[in-house]
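Inspection log for the structure reproduced underneath, given as structure tokens.
The values are calculated or read from the model by the stated rules, or taken from the named source; none is laboratory data. If you're wondering where the values come from, they're calculated on a predicted model, not measured in any experiment. Virtual Cβ from ideal backbone geometry, glycine too; neighbours counted across all protein chains shown. For accessibility, only protein heavy atoms count, side chains too; no ligands or nucleic acids. Shrake-Rupley method; radii C 1.70, N 1.55, O 1.52, S 1.80 Å.
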Amino acid sequence: MIQSQPAAAPALADKMKIENLDIFYGTFQAMKRANLSVPDRHVMALIGPSGCGKSTFLRALNRMHDLTPGARVEGKVTLDGVDIYAPSIDPVTVRHRIGMVFQRPNPFPKSIFENVVYGAKIHGEKNPKRLAEIAEKSLRAAALWDEVKDRLSRSALDLSGGQQQRLCIARVLAVEPEVILMDEPASALDPIATSKIEDLIGELKRDYTVIIVTHSMQQAARISDFTSFFLLGELIEVGTTSDIFTRPRDKRTEDYITGRYG
Amino acid sequence: MVGVRASKAHRDEGIALVVLMSCSALFVIAIALILGFLAFNGTRLFWGDHYSPLKFLFGTDWDGFGGHYGAATFIAGSLVATGMAIAIGGPLGVAIGVFFSELAPKRVATAFKPAIEVLVGIPSVVYGWLGLTLLVPAIATVFHLPDGDGLLAAGIVLSIMILPTVISLSEDALRVVPNSLREGSAALGATRWETITKVLLPSASSGIAVAVILGVARAIGETLAVQLVLGNAAILPTSLLKPAAALTSEIVMDMGDAPDGSGFKHALFAMAFLLLLISMGLILLIRLALRRRT
Ligand SMILES: Nc1ncnc2c1ncn2[C@@H]1O[C@H](COP(=O)(O)OP(=O)(O)OP(=O)(O)O)[C@@H](O)[C@H]1O
Ligand SMILES: [Mg+2]
């Protein structure tokens with residue numbers, strides 16, 4: 001019997017494990033003692049009210065806080081059992097294995113093709129034929145290929161917002177990460193583009209572990225296998241998505257869920 | 001009462017408008033007069049004295065009183081000195097701009113930015129004087145020459161003079177690149193260096209182009225500092241260690257001697273006009289670079 005409990009079901013292998021995670025901006029503690037296990041090839045949704053620390057938590061998982069002056073991360077984050085904050089670990093390799101899609105599409109001011117193959121090129125792929133294959137495969141996987149196949153050399157900035165976001169997903173897929181972090185990837189998009197991205201996430205979990213922040217509880221319910229609820233810098237509750245939405249154990253989770261839809 | 005006040009405000013506004021418009025008109029007229037004067041006198045050598053423009057541009061024979069007005073040595077001197085300034089100051093300035101914008105801790109960057117802006121304002125005679133007292137003897141010693149003045153000295157002095165401009169503007173160009181691009185690149189597993197070379201510099205390229213072009217404009221128009229260290233010999237620049245002359249420095253050297261209305265004077269005007277055309281061309285380039293950004 002799978003109960004709503006902090007760790008995922010025991011049968012599932014953990015891809016990432018977060019233990020006693022504290023995150024500070026200067027002296028302000030934005031995340032307190034968070035613990036979470038993320039099973040391999042599943043979708044984990046992070047929900048909670050604005051400002052509760054979802055982005056803060058997510059950015060700790062690929063060492064994005066290294067880029068923020070004043071941000072400090074304490075505790076343990078493991079990928080396949082290896083602590084990504086260990087001194088011997090190069091954050092660049094961590095980000096190679098754990099990709100990230102941001103809330104606002106952020107294509108580079110380059111052509112569509114150059115955007116997709118950016119990561120592959122950086123990681124040493126030079127063969128033009130291979131790069132073209134990578135571009136097609138990634139754009140297909142991101143459900144963008146048919147829309148852009150005739151204009152790969154056009155600027156990525158000419159695409160619509162939804163297309164740009166799928167391009168950013170394709171760009172992440174092209175480096176073949178193992179985990180994909182998404183911070184409200186559909187928040188700037190219209191319903192059609194949103195549903196395309198949601199379908200895409202459903203596809204992705206066959207090959208990838210996906211951790212996604214979302215403001216929409218329907219979205220979390222539609223796309224995720226597991227859901228974790230954050231409040232005021234604390235991770236309150238984790239469970240299967242159906243448990244969290246139908247039988248939350250914590251009163252605060254219940255208040256949040258019913259507060260919006262009750 | 002209200003009506004009176006309104007109409008008074010209306011009248012004041014009308015007066016202000018007239019004053020502003022006449023100021024602008026005066027300014028435009030003054031600029032047009034200067035340009036017209038330079039164009040008239042700067043081409044007079046060709047239509048008044050019937051001196052061949054080709055001989056002026058490509059001739060190396062310069063004898064103001066003897067009727068030989070080949071300015072090629074000065075043109076070449078200006079171009080080589082400017083080229084050296086850009087070759088040294090361009091990459092160095094952009095590199096330092098990258099350092100301040102991307103690599104230096106915030107405290108260091110905020111402390112150095114005003115210092116660099118002060119350097120922009122140092123009068124050129126100071127740079128020339130420093131070049132003459134420090135750089136010229138150093139070059140003479142290093143290369144075992146009787147005299148160290150020449151193109152190398154001028155190129156180095158100019159490169160130092162344009163550095164603050166290039167640093168400050170390329171730093172600005174990099175700072176306006178949105179942070180989301182830095183994060184996007186890092187999130188794909190790029191190193192800081194890869195992010196700088198593959199995303200940030202290309203994104204800031206038009207702003208950096210403007211920084212370099214303004215450096216060129218400053219270098220080619222620089223007079224005093226060049227005159228102090230260039231040696232001022234009207235010979236073609238065959239060696240960086242030899243003295244040379246530039247358009248600007250030669251105008252200053254000769255303008256007192258050339259009699260009014262003479263071909264000599266007109267040749268100097270033609271050189272000044274040429275400098276004007278070059279800087280207008282550079283401004284056009286800047287406009288193109290900025291247009292490309294949008
Ligand atoms: N760079 C920063 N410096 C200082 N404080 C920050 C920084 N980024 C976030 N915070 C603070 O940390 C807390 C958590 O912010 P975070 O962005 O993680 O919230 P969130 O759950 O993602 O909110 P939203 O749903 O609105 O995106 C907030 O109080 C925020 O003000
Ligand atoms: Mg957020």
Residue within the range B:67-81 that is in the same structural domain as B:ALA225 (by TED's automatic domain parsing), open to solvent by 40 Å² or more (accessible area, probe 1.4 Å) and over 15 Å from B:GLY263 (Cα atoms) present:
yes
Selection within the range A:203-241 - under 15 Å from the mean Cα position of the chain (by Cα), within 22 Å of A:LEU189 (Cα to Cα) and not polar (S, T, N, Q):
A:GLU203, A:LEU204, A:LYS205, A:VAL210, A:ILE211, A:ILE212, A:VAL213, A:HIS215, A:ALA220, A:ILE223
Within the range B:182-218, can you find the residues that are in a helix (DSSP H, G or I), closer than 12 Å to B:VAL98 by Cα and open to solvent by less than 40 Å² (accessible area, probe 1.4 Å)?
B:THR195, B:ILE196, B:LEU200, B:ILE208
With respect to A:SER228, is the statement that it is closer than 30 Å to A:GLY161 by Cβ, within 15 Å of ligand 1 (Cβ to nearest atom) and either of a type in the set (Val, Ile, Thr) or surrounded by 23 or more Cβ atoms within 10 Å (Cβ to Cβ) (or both) true?
yes
Flagged in the range A:57-92 as closer than 29 Å to A:SER187 by Cα and away from chain B (no Cβ under 14 Å), in numbering order, are A:PHE57, A:ARG72, A:VAL73, A:VAL77, A:THR78
Name the single residue that is nearest to the chain's Cα centre (by Cα) among those in the range A:25-43 being over 14 Å from A:PHE230 (Cα atoms) and open to solvent by less than 30 Å² (accessible area, probe 1.4 Å).
A:VAL43
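One line per residue, one yes/no per condition, for (1) over 21 Å from A:SER37 (Cβ atoms); (2) open to solvent by less than 10 Å² (accessible area, probe 1.4 Å):
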position: A:ILE169; (1), (2): yes, yes
position: A:ILE201; (1), (2): no, yes
position: A:LYS205; (1), (2): no, no
position: A:GLN219; (1), (2): yes, no
Does the range A:44-64 contain any residue that is of a type in the set (Ser, Thr, Tyr), within 17 Å of the chain's Cα centre (by Cα), open to solvent by less than 50 Å² (accessible area, probe 1.4 Å) and within 16 Å of ligand 2 (Cβ to nearest atom)?
yes
Going through the range A:82-104 in order, the residues found to be within 16 Å of ligand 1 (Cβ to nearest atom) and open to solvent by less than 30 Å² (accessible area, probe 1.4 Å) are A:MET100, A:VAL101, A:PHE102
Within the range B:75-171, which helices (runs of 4 or more DSSP H) (wholly inside it) include 1 or more residues that are without any contact (Cβ under 8 Å) to a residue 24 or more places away in the chain and in contact with a Phe, Trp or Tyr (Cβ under 8 Å, 6 or more places away or on another chain)?
B:106-120
Here is a list: B:GLY184, B:GLY148, B:GLY189, B:GLY121. Which entry is in contact with a Leu (Cβ under 9 Å, 6 or more places away or on another chain) and either modelled with pLDDT under 90 or in the same structural domain as B:THR238 (by TED's automatic domain parsing) (or both)?
B:GLY148
Name, by its number, the condition in (1) within 16 Å of ligand 2 (Cβ to nearest atom); (2) within 16 Å of A:VAL38 (Cα to Cα); (3) open to solvent by 10 Å² or more (accessible area, probe 1.4 Å) that does not hold for A:ILE211.
(3)
Would you be able to tell me the number of residues in the range A:99-123 that are away from ligand 2 (no atom under 16 Å from the Cβ), under 23 Å from A:ALA188 (Cα atoms) and at the interface with chain B (Cβ under 9 Å from one of its Cβ atoms)?
5
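Residues are listed down the side, and each one gets a yes or a no for (1) within 14 Å of chain A (Cβ to nearest Cβ); (2) among the β-branched types (Val, Ile, Thr):
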position	(1), (2)
B:PHE74	no, no
B:ILE122	no, yes
B:GLY155	no, no
B:SER168	no, no
B:ASP172	no, no
B:VAL177	yes, yes
Across (1) more than 21 Å from B:GLY261 (Cβ to Cβ); (2) within 27 Å of the chain's Cα centre (by Cα), B:ASN41 clears everything bar (1)
Given (1) more than 16 Å from ligand 1 (Cβ to nearest atom); (2) more than 15 Å from the chain's Cα centre (by Cα); (3) modelled with pLDDT under 90, A:ILE197 misses just (2)
What number of residues within the range A:138-191 satisfy the criterion of being more than 14 Å from chain B (Cβ to nearest Cβ), more than 15 Å from the chain's Cα centre (by Cα) and more than 16 Å from ligand 1 (Cβ to nearest atom)?
21
List pairs: first residue in the range A:42-53 and away from every other protein chain (no Cβ under 14 Å) and part of a loop (DSSP other than H, G, I, E, B), second residue away from ligand 2 (no atom under 13 Å from the Cβ) and acidic (Asp, Glu) anywhere in the structure, Cβ distance under 7 angstrom, at least six positions apart or on different chains.
A:HIS42/A:ASP225
